[in-house]
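Engineer: One structure, as structure tokens, below. Some questions next.
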Amino acid sequence: YRPSLFRCELDGSDCIHVDVSPDTRTGNGLSPFAVIDVAGAKLLFVTRNWVNRETLSLFRCSLDGSDCTHNDISAGEGENAGFLPSVAIDTVNEKLLVVSHNATNLF
């Protein structure tokens, strides 16, 4: 499970596949959620990182899917903090907002 970008025309034609995680391990691309940072001209997507004990990962790429970087964004939360992430961009405060099902302190 690695994140992939499928980029197509708006009518669904001329699709191409881009591997957006060439330097990361298999298992960090579950439950992807993507947004476009218009101001920064970047594609941002957050995933559930199974390799890192179900925490949150952020991939930040150029709009064509090139030049991707990967960061753990779980903010010190423990394992199981990254289930089913969703993402929004707060354009007023220039922040990435991520909501996830956090089961870190469930038990």
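No lab work stands behind these numbers, since they all come straight from the coordinates. These numbers come from a predicted model, not from an experiment. All Cβ positions, glycine included, derive from the backbone under ideal geometry; neighbour counts span all protein chains shown.
Engineer: Please give the per residue volume of the convex hull enclosing the alpha carbon atoms of the chain, rounded to a whole number of Å³.
Structural biologist: Residue-normalised Cα hull volume stands at 108 Å³.
Engineer: Give me the dipole magnitude in Debye, nearest 20, for region 1-64 about the Cα centre, with unit charges on the beta carbon: positive for Lys and Arg, negative for Asp and Glu.
Structural biologist: The dipole of region 1-64 has a size of about 400 debye.
Engineer: Still on this model: Among GLY27, LEU44, CYS61, whose Cα lies farthest out toward the positive end of the dipole of the chain, if unit charges sit on the beta carbon of Lys, Arg (+1) and Asp, Glu (-1)?
Structural biologist: Farthest along the dipole direction, towards plus: GLY27.
Engineer: How long is the gain from GLU79 to SER62 if the chain were fully straight, where each residue apart is worth 0.36 nm and the alpha carbon distance is subtracted?
Structural biologist: Residue separation times 0.36 nm, minus the Cα-Cα distance, leaves 3.2 nm.
Engineer: While we're on this one: Would you mind computing, in nm to one decimal, how far apart the modelled labels at THR69 and SER4 are, each placed 7 Å from Cα along Cα→Cβ?
Structural biologist: Label-label distance for THR69 and SER4, simple model: 2.7 nm.
Engineer: On to the next question. Quick one: if the Förster radius is 30 Å, what FRET efficiency do LEU97 and SER13 give, using the C-beta to C-beta distance and rounding to 0.05?
Structural biologist: 0.35
Engineer: Follow-up. Can you give the FRET efficiency to the nearest 0.05 for VAL38 and THR104, using r as the Cβ-Cβ distance and R₀ = 35 Å?
Structural biologist: So the FRET efficiency works out to roughly 0.60.
Engineer: Now a separate question. At 0.36 nm per residue, and after removing the present C-alpha to C-alpha distance, how many nm does the segment from ARG25 to ALA88 gain when stretched out fully?
Structural biologist: The span from ARG25 to ALA88 would gain 20.1 nm if fully extended.
Engineer: Below 13 angstrom from the Cβ of GLU77, what's the summed charge of the other residues (Lys, Arg +1; Asp, Glu -1)?
Structural biologist: -1
Engineer: While we're looking at this one, here's another question. To the nearest 20 debye, what is the magnitude of the charge dipole of the chain about its Cα centre, counting +1 on the Cβ of each Lys and Arg and -1 on the Cβ of each Asp and Glu?
Structural biologist: Once rounded to the nearest 20, the dipole reads 280 debye.
Engineer: Which one of PRO3, VAL18, GLY82 has its Cα pushed farthest toward the positive end of the charge dipole of region 1-102, where Lys and Arg give +1 and Asp and Glu give -1 at the Cβ?
Structural biologist: GLY82
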